[in-house]
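The values are calculated or read from the model by the stated rules, or taken from the named source; none is laboratory data. Please read these numbers as outputs of a predicted model, since none were measured by experiment. With ideal geometry, Cβ positions are generated from the backbone for all residues, glycine too; neighbour counts draw on all protein chains shown. Ligands, DNA and RNA are excluded from the accessible area calculation, which covers all protein heavy atoms including side chains. Shrake-Rupley method; radii C 1.70, N 1.55, O 1.52, S 1.80 Å.
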Amino acid sequence: MSDLDKKSGVPGSPEPVRPEPSPEGDPEVVHEEEIARLLRLAGLRPAAGPESTQRVRTAVHARWRVEIRARRYRRLIPWIAIPMAAAAAGVAMIALARWLPRPTPEVGPNPLAILERAEGPLRRSDGGSVLAGAEFPLGTDISTGAGGRAALKLSAGASLRLDSDTTLRLVSGTVLDLEQGAVYLDSGGARGAAVAVRTPAGTVRDVGTQFEVRLGESSLRVTVREGAAYLRLGPDDLEIQAGTRLAAGPRGEISRTKVTAHDPDWDWVLKIAPPISLEDRTLGAFLAWVSRETGWQVRFADTATAQERASIVLHGSLDGLRPDEAPAAILPTCGLTSHLEGGVLVIEPLDALEGSP
Amino acid sequence: MIEAEASDRSLVERMLSGQEEAFVEFFDGHFPRLYRFAMARLNQDADAAEEVVQTVMCRAIAKLRSYRGEALLFTWLCTFCRREIADWHRRKGRTQPFQLPEDSQETRAVLESLAAGVGGGPEDEFHRKEVARMVQLTLDSLPNPYGDMLEWKYLQGHSVKEIAARLQISPKATESLLTRARRAFREGFSALLGESLSPDSSRV
């Protein structure tokens, strides 16, 4: 019996997995046999179950993605800020040399819109800032380039999002002129501050709703996700109900198709969803936000869980996390998990899943 | 060990640059070990271990930029894990049920009892379990993928060729890694027991 066996003192160990053959008496072989015996004594190390591993992997992966995006954003700021600062300094020096007054900023005390988030190329006609928090005055043209997107908060309270290759003018707090591309409006369910999107083909009016207006070369497409909207085409007012896409062709031909609230066509809207703070937000409020952004219905597996968990107060930030990714990161911290059944996000306790076969 | 730390530092750099395969390597290489680390300190409560390890890995990811490679990544994660486990016990209004030998200064004393000879009684079963735990602890402490390789070879009976295929390296490189894995295991286990594993050792 080797020294190791004496220490471990385990008689009757199972038949060993034989190490590779080597010369008799070789210390390396003796060591190898001892290690093999010790490992057999210990057996395989315990491991987390596949469901448990998957849950943690999903949550940690989501957190990692948030960090990576935040890191890229932090690294981008100096590249934007330094040239802007240099340009600003240059303008000031020229102005001083010529004894010219510096131009006053056009932003009034009540901007029409505030930039909440931008990704990719974004331009504004007044040359102002395109960083989050920038204010947009009356008459500003906003353009996104290829791959660019932007989310703004209108003074009327609605959330406005611009898809790639879009040009829009802020005519007033409630009137937007869409010249090309696509916009998404979410009034947040509020009434009384209806927004009109004017296009060369017709005008779309919001009735407390979520909808997209997409202007093509020779067509106009309006898709309503929630509530209803009206499209004024010449003398006609066409009502468009939730779940419907209306397309108007160049000769006035109209077609309607069905589009669910969670259709993949809404994906670009999720990609540019404005960030929210989780701090002091309840789980119920968080899920309401997820539902509004994703178009999913949210359902707790049982009433008791809903009553017990919906009032949990959350902390932290979701910065960089898409609304459809957020539940996987947040729910496990509340002892919950979720899965999608069609367009329904079903939420259940983690321990219920553990108990399932 | 310095080589392992450099490899961990490189892994962290790749993670910070957003490489998906680096995340997979990080998660697969550390989650199982951290999970066992937490289980042993949470009375084998699987739910608690999952909760704690998820929190630890998320927190560590948020602080990944501060990892300087001065210790192994697993050691660094264990520091977070110890703190989180203490918080977990505090939140649950429990005192930490026991301190593991490897967490205390009394490692040698505890382990020396293992060498006191074993018969067939319940105490011997306890000793057997302790040795088993120490073996698993040593495997978990080895740089990746040493622990897995040793298990594949000596517990699951995989050939060098099979292990090479699994790791996508040559059989020769696998042999070399196995030799280093055995050496690392021997040194790690010896350090835990406080004495050499040499077959010539007369101490029991």
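If A:Asp141, B:Asp140, B:Asp28 are ordered by their accessible area, calculated over protein heavy atoms with a 1.4 Å probe, which sequence runs from highest to lowest? Intermediate results must be reported in sequence, preceding the final value.
Working: A:Asp141 30, B:Asp140 10, B:Asp28 75 Å².
Most to least solvent-accessible, the answer reads B:Asp28, A:Asp141, B:Asp140.
Using θ = phi - 60° in the Karplus curve 6.51 cos²θ - 1.76 cosθ + 1.60, the 3J(HN,Hα) couplings for the range A:321-329 round to 9, 5, x, 7, 8, 4, x, 5, 8 Hz; x is entered for Gly and Pro.
Please state the equivalent ellipsoid semi-axes for the range B:150-196: what are the square roots of 5 times the Cα gyration tensor eigenvalues, largest first, in whole Å? Let's see the in-between values first.
Details: eigenvalues 117, 25, 8 Å².
In descending order, the three semi-axes are 24, 11, 6 Å.
The Stokes-Einstein estimate for the range A:275-355, based on a Kirkwood radius over Cα pairs and taken at 25 °C with 0.890 mPa s viscosity, is a diffusion coefficient of 194 µm²/s. Over all pairs of different C-alpha atoms in the range A:113-267, the reciprocal of the mean inverse distance, the Kirkwood hydrodynamic radius, equals 15.4 Å. Counting only protein chain heavy atoms and rolling a 1.4 Å probe, the accessible areas of A:Ile312, A:Ile276, B:Ile163 rank, largest first, as A:Ile312, A:Ile276, B:Ile163. Of the whole protein surface, B:Lys63 contributes about 110 Å² of accessible area at a 1.4 Å probe radius. Annotation: A:Glu116 carries an accessible surface of approximately 60 Å², with a 1.4 Å probe and no ligand, DNA or RNA atoms counted. Note that the range B:1-98, at 37 °C in a medium of 0.692 mPa s, gets a Stokes-Einstein diffusion coefficient of 236 µm²/s from its Kirkwood radius over C-alpha pairs.
Accessible area per residue for the range A:113-267, computed on protein heavy atoms with a 1.4 Å probe, is 42 Å².
Every Cα-Cα pair of the range A:245-309 was included, and the share exceeding 17 Å stands at 60 percent. Amide H contacts of A:Leu318: A:Ile276, A:Leu278, each under 5 Å away and 5 or more positions distant or on a separate chain (H built 1.01 Å from N in the peptide plane; Pro and chain starts excluded). Here the range A:113-267 is assigned +1 on the Cβ of each Lys and Arg and -1 on the Cβ of each Asp and Glu. Its dipole about the Cα centre then comes out at about 140 debye. Buried surface for the B/A pair, taken as the accessible area of each chain alone minus that of the pair with a 1.4 Å probe, is close to 5000 Å² in total. Quote the accessible area belonging to A:Ser155 in square angstrom, nearest 10, computed with a 1.4 Å probe and with ligands, DNA and RNA left uncounted. Number for this one is 70 Å².
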